[in-house]
Amino acid sequence: MFSIGEFSTISGITVRTLRFYHELGLLVPATIDPVTNYRTYDERNLETAKVIAALRGLEFPLEQIREILDECRDDQDALGQLERQQKMLTGK
């Protein structure tokens with residue numbers, strides 16, 4: 001388990017952005033201490049963070065990233081989403 005600061009360093013996502021993603025329900029911490037509200041993250045969160053960062057790098061809007069994370073069950077689904085984004089960006 002990683003504290004939010006450790007997770008920020010590992011993932012390359014700022015603490016502020018991690019909190020924002022949590023508010024959006026995009027990247028929910030593995031646990032949240034009910035007394036202190038401290039967020040802790042795990043390896044599964046790290047995989048999700050990598051996907052989010054990659055999709056943001058490809059100019060996907062956050063709402064579309066949420067849809068991808070919710071709907072894509074395998075690589076084929078993800079590939080379809082990437083192809084649609086490429087067509088939108090290039091007009092081809």
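The values are calculated or read from the model by the stated rules, or taken from the named source; none is laboratory data. None of these values were measured; they are calculated from a predicted model. Surface areas here come from the heavy atoms of the whole protein model, side chains and all, with no ligands, DNA or RNA. Shrake-Rupley method; radii C 1.70, N 1.55, O 1.52, S 1.80 Å.
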For this session: Give the residue, chosen from 76, 64, that is farther than 13 Å from residue 7 by Cα and modelled with pLDDT under 85.
Result: 76
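Okay, residues lined up against (1) among the hydroxyl-bearing types (Ser, Thr, Tyr); (2) more than 12 Å from the chain's Cα centre (by Cα); (3) at positive phi; (4) open to solvent by 60 Å² or more (accessible area, probe 1.4 Å):
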{"residue": "12", "(1), (2), (3), (4)": "no, no, yes, yes"}
{"residue": "28", "(1), (2), (3), (4)": "no, no, no, yes"}
{"residue": "35", "(1), (2), (3), (4)": "no, yes, no, yes"}
{"residue": "39", "(1), (2), (3), (4)": "no, yes, no, no"}
{"residue": "45", "(1), (2), (3), (4)": "no, no, no, no"}
{"residue": "63", "(1), (2), (3), (4)": "no, no, no, yes"}
{"residue": "89", "(1), (2), (3), (4)": "no, yes, no, yes"}
